[in-house]
1. Taking S147, is it touching a His at 6+ places or on another chain (Cβ under 8 Å), closer than 30 Å to R64 by Cα and not β-branched (V, I, T)?
2. Residues of region 70-91 being touching a strand residue (DSSP E or B) at 6+ places or on another chain (Cβ under 9 Å) and either at pLDDT 95 or above or farther than 21 Å from K136 by Cβ (or both), which ones?
3. In region 95-132, what count of residues is obtained for those that are under 17 Å from the mean Cα position of the chain (by Cα) and not in a helix (DSSP H, G or I)?
4. Return the pairs, sorted by first residue and then second, in which the second residue is of a type outside the set (F, W, Y) and part of a loop (DSSP other than H, G, I, E, B), the first residue lies in region 64-80 and is more than 20 Å from S90 (Cβ to Cβ), the beta carbons are less than 7 Å apart, and the residues are 6+ apart or on different chains.
5. Residue check, V92 against (1) surrounded by 12 or more Cβ atoms within 10 Å (Cβ to Cβ); (2) in contact (Cβ under 8 Å) with a residue 40 or more places away in the chain; (3) out of contact with any helix residue (DSSP H, G or I) (no Cβ under 6 Å at 6 or more places or on another chain), all met but one. Which one?
6. For region 146-165, what are the residues that are buried (at least 20 other Cβ atoms within 10 Å of the Cβ) and within 23 Å of R100 (Cβ to Cβ)?
7. Checking G44 against (1) within 12 Å of L171 (Cα to Cα); (2) small (G, A, S); (3) crowded, with 20+ Cβ neighbours inside 10 Å, which single condition isn't satisfied?
8. Being charged (D, E, K, R) and surrounded by 12 or more Cβ atoms within 10 Å (Cβ to Cβ) is the filter; apply it to region 109-129 and report the residue that is nearest to F68 (Cα to Cα).
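The values are calculated or read from the model by the stated rules, or taken from the named source; none is laboratory data. Treat the numbers as computed from the prediction; the structure is a model and nothing was measured. No Cβ is skipped: glycine too gets one built from the backbone with ideal geometry, and neighbour counts run over all protein chains shown.
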Amino acid sequence: MSETVLKIENLTFGYENNRVLFKDFSLEVKRGEVVAIVGPSGVGKTTLFELVAGFLKPLKGRIRRGTFSQVFQDPYTSFHPSYSIVNQISDVADLSNLERIASKMSLDISLLDKMPHELSGGQLQRCSILRALLMKPSLLLADEPTSALDNIIQLEVMKTLLEFLDEIGILLITHDIDLARWCSDKIIDLGESGA
């Protein structure tokens with residue numbers, strides 16, 4: 001039986017008393033599983049990630065999670081423009097598995113010595129995923145990780161993430177329902193569920 005890397009039980013949260021985003025919302029992610037969160041803007045997709053990450057506190061309910069790391073929508077804003085990629089990765093992660101993971105991602109190690117602006121969006125997003133995986137999470141929070149990329153690169157980036165499902169569980173925010181159907185074990189539509 002797969003290890004549970006995220007368990008949300010009876011979560012209630014709202015920014016104002018009259019606008020509750022989540023009421024008795026529950027969710028589970030296991031290692032080896034992709035759970036996609038979809039829905040229109042404003043339904044609470046990013047808020048859910050902030051709750052899971054501990055940046056916001058629920059009004060009620062419990063969130064239990066393993067170690068986690070994040071991949072964000074825009075790779076250019078997730079790296080400081082003045083430092084090389086490898087320096088930024090080494091600030092937060094152990095580099096002992098760098099070559100193994102980079103190779104699995106078809107990422108040329110020489111790119112890591114470059115500055116963020118010297119890489120394409122797809123290369124930089126792969127570096128962002130590399131950094132997140134080197135942090136050795138059991139849970140990966142992926143917030144629209146492919147929306148800034150063209151369709152071919154989107155597919156490559158998602159295939160890269162799925163290569164590591166033996167090590168992690170993924171909670172994915174996406175507005176792309178076709179992508180969610182292609183890669184997810186479960187899809188939770190916050191617009192429909194009235195979470």
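1. Taking the combined requirement at face value, the residue satisfies it.
2. The answer is Q73, and nothing else.
3. 1
4. G66/S138; Q73/E144; Q73/P145; Q73/S147; Q73/A148; D74/A148
5. Answer for V92: the failing condition is (1).
6. Hits for region 146-165 are V157, M158, T160, L161.
7. Tallying (1) within 12 Å of L171 (Cα to Cα); (2) small (G, A, S); (3) crowded, with 20+ Cβ neighbours inside 10 Å, G44 fails exactly one: (1).
8. Per the stated criteria, the residue is R126.
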